[in-house]
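The values are calculated or read from the model by the stated rules, or taken from the named source; none is laboratory data. Model, not experiment: these values are computed from the prediction. Cβ placement follows ideal geometry from the backbone for every residue including glycine, while neighbour counts extend to all protein chains displayed. In case anyone asks, the SASA skips ligands and DNA or RNA and just uses the protein heavy atoms, side chains included. Shrake-Rupley method; radii C 1.70, N 1.55, O 1.52, S 1.80 Å.
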Amino acid sequence: MRARPTALAVASALLLAACGDGGSPTRVELTMHYSAFSPRTLTVPRGVPVTLVLRNDDPIAHEWIVGDDSVHERHRTGTEPVHGERPTELTVPGLAERTTVVTFERPGDYRFVCHLPGHESYGMTGVLRVV
């Protein structure tokens, strides 16, 4: 007789498959709504490709720029106003969704910010924690 997996066993297997090293997710969803990020803190595993799904529920564009202080200073001062092909720097048009895949190699806390005029001062910031 062949044993059938219980619902709990199946759910546990699916949860483990969706998680990377240490139980941190390898797929993360972030919503932009009323010029705010939700959730404001993301935790991802170090050294594992992470798929980030960025959904903008506002009718205006937003940015998701993640990095250290020097990255944000370049965007604040306008010395790097346009995003190239970096997976950590995306513009998400109003009522749209963008997906990016990033592998974070160094543990630590990194800020993510929308640098469109006034959005950072309005509080459109968050923390990405790499463990």
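Observations on the model:
- Net charge contributed by nearby residues that have their C-beta within less than 14 Å of Gly118 (K/R +1, D/E -1): -2
- Accessible carbon and sulfur surface of region 46-131 relative to its total accessible area, %, 1.4 Å: 54 percent
- 13 Å beta-carbon shell around Pro93, net charge (K/R +1, D/E -1): -2
- Net charge in the neighbourhood of Thr41 (other residues with Cβ under 11 Å of its Cβ; Lys, Arg +1, Asp, Glu -1) is +2.
- Ranked order, Val50, Val71 - accessible area, probe 1.4 Å, largest first: Val71, Val50
- For Phe104, the amide hydrogen comes within under 5 Å of the amide hydrogens of Gly47, Val48, Val50, counting only partners 5 or more places away or on other chains and with H modelled in the peptide plane.
- Heavy atoms of Asp68: accessible area, 1.4 Å probe, square angstrom to 10: 70 Å²
- Here each label is just a point 7 Å from Cα along the line to Cβ, and for Asp69 and Ser121 those points are 2.1 nm apart.
- Percentage relative contact order, region 51-131, counting C-alpha pairs under 8 Å, at least six apart: 38 percent
- For Thr125, the residues whose modelled amide H falls within less than 5 Å of its own, excluding neighbours fewer than 5 places apart on the same chain, are Phe37.
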